[in-house]
Amino acid sequence: MNLYFIKKIKITFLSILCMIFSEGLEAQQRKSKTTANQSDLWLTYPGLKGPGKNRHVVLIAAEQEYRSEQSMPMLAKVLSKHHGFDCTVLFSVNEKGEVDPTMPAPFKDKTKRHNIPGLGRLAKADCLIWISRFMHLPEEQMQHFYDYFDSGKPLIALRTANHGFWGELQYKKGGKNVSLREMLGGTFMGHHGGWHREATRGVIVSENKKHPILAGVGDIWGTSDVYRCHNDKNPFPKDCTSLVLGQPLINLEKDASPNTKKEPLPVAWTKKWTGNKGLDSRVFHFTMGSAKDLENDGVRRMTVNAVYWGLGMGKNIKPDSSVAIIGDYKPLKAGFNYEKLGVKPRKVEYYK
């Protein structure tokens, strides 16, 4: 074989190698770009120093009324900066990838589906803080919730979480569908307090005042009304421990008088949930927890304490630990009058 053909073969071989390398690099770039684009759909807050170091909390904001798109990032900052937890905030987003609290529940159009990107992160989460309302999710996204319900890891369910999904859950135990009422110990049955008219004052249940979740908790107040979650047919469950009763007030002012025509009802309680793997999850359900409610130190401290309690870290709860809000936090009012309230779809980074 002469020198000319040897050189030609070498050049061809090198060209093929370059092409393979180039295609591989492009594929890697496409993969990296896709991963980056996906990660743009949620927020992450690495934990600083604190007892929560190397523990991962996922917070889900997926409702249309109580401005959780503002409150969950705020709470994630508190948990990461003051307590050391790694935090991820997931949102309900629209087709443009924008956080969109204006996407309605499917009362009129049952074909519509919501979308919460990043739910796969629940598989490695240590704790879940969750507020959703009538989410109509694809079943593959619901499966991430079902798997978590079997994980033995803690569930902290705020406000509308007890009616967080549309229709009957396909989550089964012993061949039977499990309801959110059964899992959380109660579900929304109506507004006991006046809806957007009567605030709530929390009253600590005296016999349970030493519960770790109540450590350092003083004043408990919020503008969201008291939910009725139980009645004669579905009484407060025996396997639940009531921590706080909610007294409706006569208006939305903090110093308002109690509405004496309305008795206090349970708004915060604990229980245990055992999933299909026989693993016990600690459950804290708090039917307060709107963005405005979480301006209150007591509401915020209970939620932070619940993370420690849920993870079996009760000894790390300090009554004087910081739950101070970091940076500006000016949550919009609750409600569905979006234009008047200034609520609209926004990019995820807006809430960083």
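Numbers for the structure displayed
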| quantity | calculated |
| --- | --- |
| Residue under evaluation LEU137, criteria (1) touching a Cys at 6+ places or on another chain (Cβ under 8 Å); (2) more than 28 Å from LEU48 (Cα to Cα), criterion not met | (1) |
| Complete set of residues in the stretch 146-165 that are in contact (Cβ under 8 Å) with a residue 40 or more places away in the chain and of a type outside the set (A, V, I, L, M) | PHE149, ASP150, SER151, GLY152, LYS153, PRO154, ARG159, THR160, ASN162, GLY164 |
| Failed condition for THR111, given (1) closer than 25 Å to MET74 by Cβ; (2) in a loop (DSSP other than H, G, I, E, B); (3) among the β-branched types (Val, Ile, Thr) | (1) |
| Single match in GLY193, GLY186, GLY167, GLY202 (criterion: part of a strand (DSSP E or B) and out of contact with any Lys or Arg (no Cβ under 6 Å at 6 or more places or on another chain)) | GLY202 |
| Check on SER80, closer than 20 Å to VAL307 by Cα, buried (at least 20 other Cβ atoms within 10 Å of the Cβ), in contact with a Phe, Trp or Tyr (Cβ under 8 Å, 6 or more places away or on another chain) and hydroxyl-bearing (Ser, Thr, Tyr) | yes |
| Boolean, PRO248 is out of contact with any helix residue (DSSP H, G or I) (no Cβ under 7 Å at 6 or more places or on another chain) and surrounded by 14 or more Cβ atoms within 10 Å (Cβ to Cβ) | yes |
| Of the criteria (1) assigned by TED's automatic domain parsing to the domain that holds GLY312; (2) under 21 Å from SER71 (Cα atoms), which one LYS277 fails | (2) |
| Some residue of the stretch 95-104 being buried (at least 22 other Cβ atoms within 10 Å of the Cβ) and not hydrophobic (A, V, I, L, M, F, W, C) | yes |
| Leading residue by the ranking (surrounded by the most Cβ atoms within 10 Å (Cβ to Cβ)) among those in the stretch 115-171 that are charged (D, E, K, R) and in contact with a Ser or Thr (Cβ under 8 Å, 6 or more places away or on another chain) | ARG159 |
| Flag if GLN64 is closer than 19 Å to ILE116 by Cα and modelled with pLDDT under 95 | no |
| Test: PRO331 is part of a loop (DSSP other than H, G, I, E, B), farther than 18 Å from ALA62 by Cβ and of a type outside the set (Lys, Arg) | no |
| Identity of the residue in the stretch 273-291, of a type in the set (Gly, Ala, Ser) and in contact with a Gly (Cβ under 9 Å, 6 or more places away or on another chain), that ends up surrounded by the most Cβ atoms within 10 Å (Cβ to Cβ) | GLY289 |
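Yes/no per residue for (1) part of a strand (DSSP E or B); (2) of a type outside the set (Val, Ile, Thr); (3) out of contact with any Ser or Thr (no Cβ under 8 Å at 6 or more places or on another chain); (4) within 18 Å of LEU158 (Cβ to Cβ):
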residue	(1), (2), (3), (4)
GLY50	no, yes, yes, no
LYS53	no, yes, yes, no
LEU59	yes, yes, no, yes
GLN64	no, yes, no, yes
MET72	no, yes, yes, yes
LYS77	no, yes, yes, yes
HIS82	no, yes, no, no
LEU90	yes, yes, yes, yes
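The values are calculated or read from the model by the stated rules, or taken from the named source; none is laboratory data. Values in this document were obtained by computation on a predicted structure and should not be read as measured data. When we count neighbours, we look across all protein chains shown, and the Cβ atoms used for this are built from the backbone with ideal geometry, even at glycine.
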